[in-house]
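Asker: Before I ask anything, here is the structure I am working with.
The values are calculated or read from the model by the stated rules, or taken from the named source; none is laboratory data. The structure displayed is predicted, hence computed values, not measured ones. Here the Cβ is made from the backbone with ideal geometry for all residues, glycine too, and neighbour counts use every protein chain on show.
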Amino acid sequence: MSDRIRHAGQVAWAMVGLAALVALVGVVAWYVRVVWPPLILAGAIVFLLNPGVTALHRRGVPRAAGTALSYLAFFATVTLAVLIVAPLAADQAEGLDEELPQVRADVERWINDRAEQSQNWIVKFPSVGELESEVGGGESPSRLSDTFATLRDFGGRVVHVVIIIVLAPIIAFYLLVDLPRLRVVAESLVPARARQEVLLLATRLNRAIGGFFRGQLLVALIIGVLVSTGLALVDLPFWLLVGMVAGFSNIVPLIGPWVGAVPGVIIALTTRDVSTALWVVAIMAGAQQVDNHFVSPIVMQRAVKLHPAVVMLALLTGGTLGGFFGLLIAVPTAAVLKILISHLWHTYVLGEPIEEVAAIVEAAEHDTGPGVVRKVREQDQPQPEEPVPAATSSGGAPSDP
């Protein structure tokens, strides 16, 4: 009993120390938060291109040359896609710019009609003027200094985004080239007794984060193509722009597809009729079902294994704390926390050997059934030895050794 109490106390103090360390790291990270956006974008590029660079390196291509080839292939693919899509997207954008005043007038008229009809309802629908007053606080910058301050703030944000876009690929290039050496250096800094545990955690984290970024980009591309094709078949104006919005917003799990459906429904109601709007809803819902049941399970089966409720809570927290950027990293952050907490619980609370935890993780990657843990533990148990029959002589008595 005393050993159990001592072990529980050690675990409790370890948790307190870990919480203090996490709080300290969080404070330091907040003070240097300006460096995180380019580093995170560079990390996403590394996770995206590293499989190709590693495959070239295994075939004898130097890391620097493989990284340059991967960059060249990536930007060539993006440039080709832009050259194919840009003319049609530019034509539709020009048409949307011409139609936008009429679309806005129709939307404002519809909102004002609903507000007038709801005068005697329990819940009153706000008018356009009330919505603008609520969003804008009822005031607009009337002084020249306020206008300059707004422009200065906008200019600063644009410069910050440009710096991130320029720095991230450069940082990612050097990381891709030096990744094997950095891995060796990182492993050498880990004590020998903890090396197996750290390598196990690093492998799981790399698989989860890399799989998420690569999977979500592929899912967004597939959904964008499906939605654009479906909207083109029902002859929705600006179908390519709506499909691009749907695909881009699909980077955010669960919420993105429904955000992409909003402009499609508005355009259908203002430029066509209700039946076209219903077709848009059906196409968006169909694309979402294809994503949920076919695309995402295949693409991200081994990347991020989180319950939908956990995903929703993570998105709510990330969006509240970090806006759109928080939405992008909410799910991989939740996956990282899940891996860390699960590992700490199995290793330090339940006291399972690291070899058994590694075997369970490896088996779970190939077998998601409920009995995977039990099967691994049964395999680790020593099997009883069968009794060896003693040799007998011709007379039936046991022979001498």
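Asker: Out of everything in the stretch 219-243 that is in contact with a Ser or Thr (Cβ under 7 Å, 6 or more places away or on another chain) and part of a helix (DSSP H, G or I), what residue ends up being modelled with the lowest pLDDT?
Answerer: This residue is VAL219.
Asker: Applying the selection to the stretch 68-124, what residues are farther than 30 Å from LEU176 by Cα, of a type in the set (S, T, N, Q) and surrounded by fewer than 12 Cβ atoms within 10 Å (Cβ to Cβ)?
Answerer: GLN102, GLN117, GLN119, ASN120
Asker: Hey, among GLY210, GLY215, GLY247, which residue is in contact (Cβ under 8 Å) with a residue 12 or more places away in the chain and farther than 28 Å from ARG63 by Cβ?
Answerer: GLY247
Asker: Quick check on the stretch 3-24. Is at least one of its residues surrounded by fewer than 10 Cβ atoms within 10 Å (Cβ to Cβ), under 24 Å from LEU337 (Cα atoms) and of a type in the set (Lys, Arg)?
Answerer: Looking for residues that are surrounded by fewer than 10 Cβ atoms within 10 Å (Cβ to Cβ), under 24 Å from LEU337 (Cα atoms) and of a type in the set (Lys, Arg), one finds none in the stretch 3-24, hence no.
Asker: Looking only at the stretch 271-290, filter to residues that are of a type in the set (S, T, N, Q), free of Cβ contacts under 8 Å to residues at least 60 places away in the same chain and under 25 Å from ASP97 (Cα atoms); which one of those is surrounded by the fewest Cβ atoms within 10 Å (Cβ to Cβ)?
Answerer: Only one residue fits best here, namely SER275.
Asker: Related question: When ILE45 is evaluated against the numbered criteria (1) in contact (Cβ under 8 Å) with a residue 60 or more places away in the chain; (2) of a type in the set (A, V, I, L, M, F, W, C); (3) exposed (fewer than 15 other Cβ atoms within 10 Å of the Cβ); (4) closer than 23 Å to ILE209 by Cα, which criterion, by number, is the only one it fails?
Answerer: (3)
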